[in-house]
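See below for the structure under consideration.
The values are calculated or read from the model by the stated rules, or taken from the named source; none is laboratory data. Predicted, not measured: the structure shown is a model, and the values here were computed from it. With ideal geometry, Cβ positions are generated from the backbone for all residues, glycine too; neighbour counts draw on all protein chains shown.
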Amino acid sequence: MIDNNDRAIINHLQGGFPLCERPYQVVAEHLGLTETEVLQRLQNLLDKKILSRFGPMYHAEKLGGGLTLAALKVPPARFDQVMAMVNAFPEVAHNYQREHELNMWFVLATETPQRILAVIAEIEQQTGLKVYNLPKEREYFIGLKWEV
């Protein structure tokens, strides 16, 4: 379980991360903790899978890369096998199972926009399944934050 200090760290860091020489020290001072305690608590939250990741979010397209949402229609008996094949691609992120005819959805983030189509072709070749490429038409910033 998490305690009030863990909650405070999670809630605080969702609002931004200090860009300075000692960012964890700045966070710690704001929360009344030590830098070491903040670092240990973050590692503990990751180790216990309470947090799935902690790190920056990069905008692939603004860095010259490609980004798209993709989906597959996977036979239920092959789902775990196909999931392992898809997840083996370093360009794949956020792979989720859905209750829908297209039951596997994932994000592709590539170094170049052209690489999107190449990765899709490789996934189709390896899985024998059609990948539905669903690129965004518009982007909205909603400032999502979950208080814990």
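Every test in (1) exposed (fewer than 13 other Cβ atoms within 10 Å of the Cβ); (2) β-branched (Val, Ile, Thr); (3) touching a residue at least 60 places away in the same chain (Cβ under 8 Å) is passed by Thr36 save one, and that test is (3).
Residues in region 124-141 that are outside any helix (DSSP H, G or I) and in contact (Cβ under 8 Å) with a residue 24 or more places away in the chain: Leu129, Lys130, Val131, Tyr132, Asn133, Leu134, Pro135, Lys136. Whenever a residue of region 65-94 is touching a residue at least 60 places away in the same chain (Cβ under 8 Å), its partners that are part of a helix (DSSP H, G or I), lying with C-beta atoms within less than 6 angstrom and at least six residues away or across chains, give the pairs Leu67/Ala60; Leu67/Glu61; Thr68/Ile116. Each residue in region 1-25 was checked for being outside any loop (DSSP other than H, G, I, E, B) and surrounded by 13 or more Cβ atoms within 10 Å (Cβ to Cβ), and 11 pass.
Within region 109-129, one or more residues are touching a Leu at 6+ places or on another chain (Cβ under 8 Å), within 15 Å of Lys73 (Cα to Cα) and of a type in the set (Ser, Thr, Tyr). Among the residues of region 60-76, none qualifies, meaning not one is of a type in the set (D, E, K, R), at pLDDT 95 or above, touching a Phe, Trp or Tyr at 6+ places or on another chain (Cβ under 7 Å) and surrounded by fewer than 17 Cβ atoms within 10 Å (Cβ to Cβ).
Any residue that is within 15 Å of the chain's Cα centre (by Cα), crowded, with 16+ Cβ neighbours inside 10 Å and closer than 23 Å to Gly65 by Cα - is there at least one of those in region 115-133? There is no residue in region 115-133 that is within 15 Å of the chain's Cα centre (by Cα), crowded, with 16+ Cβ neighbours inside 10 Å and closer than 23 Å to Gly65 by Cα.
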